[in-house]
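Each value in this text was obtained by applying a stated rule to the coordinates, not by laboratory testing. These numbers come from a predicted model, not from an experiment. We place every Cβ from the backbone using ideal geometry, glycine too, and count neighbours over all the protein chains shown.
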Amino acid sequence: MNDGLRIALYQPDIAGNTGTILRFAACLGVGVDIIEPAGFPISDRSLKRAGMDYLEMARLSRHVDWQAFEDWRRSEARRMVLLSTKAAIAYTDFAFAAGDVLLFGRESAGVPDSVHEAADARLTIPMQPGARSINVALSVAMVAGEAIRQLR
C-alpha cells in the first residue's frame, strides 16, 4: 500500500539533523524511516531539542537494519530514490512518483555500494566544483520540496 512520499535516513550520525528532518516531515505530513543503527540513541536530547514538540506528530518508522528496511520497502512495492554526491542525474531532472522513498545516507560516510546497487534511481544536488556535500537536513528539504511540488 502506498500512503505517500517518505524520507529514509540510513544510519544517521547526528541527532540534531535527524530532529530537524523529523520536524520538517511532521509539518509537511511526510513519513520518515530511520534505518538503524543510528549514531546516537533515538531518545537523544539533541534530537528532541531540534525536533521540538513536533516529534509526537512525526510519522516515524524504525527499521532495525538495512535488510528489515528492504523487506518492508519491497513488501510495499515502493521505489527507492537515493540521493548521493556520486550520482549523475540532478534531482530537478527527475520525475518523482507517489510512494517514493527518498533515501539519504550517513553524514559521515553516505551509504555502502550495496545500497547504491539496490536503489531504483540515484540523484544528486548539483554543487559548485570543490564542494563536498550539503547538510543532510537541507538536502532533505530541497529534494522533498521538489518531490512534493511535482506530486501536488
Potential lengthening between Asp113 and Ser61 on full extension [0.36 nm per residue; Cα-Cα distance subtracted]:
16.3 nm
With an 8 Å Cα cut-off and a minimum separation of 6 or more residues, compute the relative contact order for the chain in percent.
29 percent
Where in region 1-109 are there GluC sites (Glu not before Pro) that are in a DSSP coil and have at most 11 other Cβ atoms within 10 angstrom of their Cβ?
Glu56
Beta bridges by DSSP in the chain, antiparallel share as percent, to the nearest 5
5 percent
Could you tell me what a quarter of the Cα convex hull surface of region 64-114 works out to, in nm² with one decimal place?
4.3 nm²
Can you give me the three principal axis dimensions of the chain from its C-alpha atoms, in Å, biggest first?
40, 37, 31
Region 7-70 - percent relative contact order, Cα under 8 Å, separation 6 or more
43 percent
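Per residue, how big is the convex hull around the C-alpha atoms of region 101-142? Give it to me in cubic angstrom, could you? Mind showing how you got there, number by number?
Values: hull volume 3.9 nm³, N = 42.
Hull volume normalised by residue count: 93 Å³.
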